[in-house]
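Values quoted throughout were computed directly from the atomic coordinates according to the rules given, and no laboratory measurement underlies them. Being a predicted model, the structure only gives us computed values, none of them experimental. Note: ideal-geometry Cβ built from the backbone for every residue, glycine included; neighbour counts use all protein chains shown.
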Amino acid sequence: MTTAHAIADTRHFVRAARQQGRRIGFVPTMGALHQGHLSLMERARRENDAVAISVFVNPTQFGPAEDFDAYPRDLDRDAALAEGVGVDLLFAPRAAAMYPDGATTYVDQAGPIVETLEGAHRPGHFRGVLTVCGKLFHIVEPDRAYFGQKDYQQVAAVAQMVRDLALPIAIVPCPIVREPDGLAMSSRNQHLDADARQQATCIHRGLQAAQACLDAGVSSAAALADVVRQTLLDAGHCTIDYVAIVHPQTLAPVDTVAEPAVALVAAHFGGTRLIDNHLLTPKG
Ligand code: PAF
């Protein structure tokens, strides 16, 4: 595996791969790799001739009161894990390369995909995500880019950007990878202490409870959201940012779950903010 810090070295690697007719699968990450990331890399490995990943904790997607400084970083560990699943190129740029002095160009998107839920609770977050993804896509020029569905809105926003800007990249959404007790894998899980870690399992339980109620004939989105909310509250100390049930493509709220709809949750456990979601699917 080649590790590159410079944009020029990364371009050199991908252009050489392209000249050999190799198709490139790309997994952008902020490091602190876990099985969720590795599953994206494994899929990229199966579906492409070369696999590139990026490891970059992107400052522009964090708000001033968020956990940019505390975000876990261990490049040696990440490199060993990536190499273990057959990654060919690890691009770990310095912040100054991604955001040179005086940089003033950003990717902005409008509409419910970026303005609701995460967008409403984390102003500027998607502007940062789309700017860095746009730039990474421009540097790595992948054929396919792989994203985990835990960040449901992120995948929708990136797919919208790729359509709007006619980028020649297929966005591949991949299933959420969970711990045995249902907690969605996240780099932030390592900040949870034992109590918060135990409580956090209520997110998945709440989403499953909503699916069970839907299966039992409850189709009101408000009632299903209440089931999730109540499960979180019953688990003890947590602060809920939102529980929402929305259309899978437009992310507009739905009143009734007659067709598949996504239930999304964001909540804080002992100071750590977690997100998760589930595609509520009516029977039949
Ligand atoms: O999902 C993430 O880890 C980040 O938002 C991403 C896509 C790597 C952009 O910084």
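Worth pointing out:
- Rg followed by Dmax, in Å, when the stretch 76-155 is reduced to its Cα trace: 14.9, 40
- Order of L81, L207 - criterion: other Cβ atoms within 10 Å of each residue's Cβ, fewest first: L81, L207
- Extension gain, A97 to H237: 0.36 nm times the residue separation minus the Cα-Cα distance gives 46.3 nm.
- Residues with amide H under 5 Å from that of R178, placed H, sequence gap 5 or more: M185
- Were the residues from E47 through M1 laid out at 0.36 nm apart, the gain over their Cα-Cα distance would be 14.8 nm.
- Taking a sphere under 13 Å around the Cβ of V85 and counting the other residues whose Cβ falls inside, with K and R at +1 and D and E at -1, yields a net charge of -1.
- Over the chain, equivalent-ellipsoid semi-axes from the Cα gyration tensor in Å: 33, 20, 19
- The chain: most fluctuating residue of F13, F137, F26 per GNM, C-alpha cutoff 10 Å: F13
- A216-D9 FRET efficiency (beta carbon distance; Förster radius 51 Å; 0.05 resolution): 0.35
- Convex hull volume of the C-alpha atoms in the stretch 45-92, normalised per residue: 89 Å³.
- Added length on full extension, which subtracts the Cα-Cα distance from 0.36 nm per residue, A80 to A252: 57.8 nm
- Reducing the stretch 1-28 and the stretch 114-166 to their Cα centroids gives an inter-centroid distance of 21 Å.
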